[in-house]
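The values are calculated or read from the model by the stated rules, or taken from the named source; none is laboratory data. Computed from a predicted structure; not experimentally measured. Here Cβ is always computed from backbone atoms with ideal geometry, including for glycine, and neighbour counts include all displayed protein chains.
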Amino acid sequence: MNGAANWRRAAKALGVRYMFWGQDEKNELPIKQRPWEVTSFLVASGDWGAIYDLNTPAPQQLACDGCVGVDECLMEGRLSPYSEGMCKETK
């Protein structure tokens, strides 16, 4: 779960439904791309971290024209997890 382009396929192959991302994960895996933060439904969050449902899309999930989808926008750097789902090319 290093944010690679095939992250969703890898999670599905492993039977992963929910992802927990907390302080330990942030410290041990300091990756820049965390596409599940934009593409997956946030179930719960707090000081302890966040839980994402990988089988339910995030409500703000939007793709721009010319992108295949949100994951591709993230990988190409046109979308950040903090941009509320809007691709830079769409703004």
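The residues of region 11-24 that are surrounded by 10 or more Cβ atoms within 10 Å (Cβ to Cβ) and farther than 16 Å from A50 by Cα, listed by number, are A11, K12.
Could you say whether any residue in region 25-38 is modelled with pLDDT of 85 or more, part of a strand (DSSP E or B) and surrounded by 12 or more Cβ atoms within 10 Å (Cβ to Cβ)? So far as region 25-38 goes, no, none of its residues is modelled with pLDDT of 85 or more, part of a strand (DSSP E or B) and surrounded by 12 or more Cβ atoms within 10 Å (Cβ to Cβ).
Restricting D71, D65 to those that are at pLDDT below 75 and assigned to a helix (DSSP H, G or I) reduces the list to D71.
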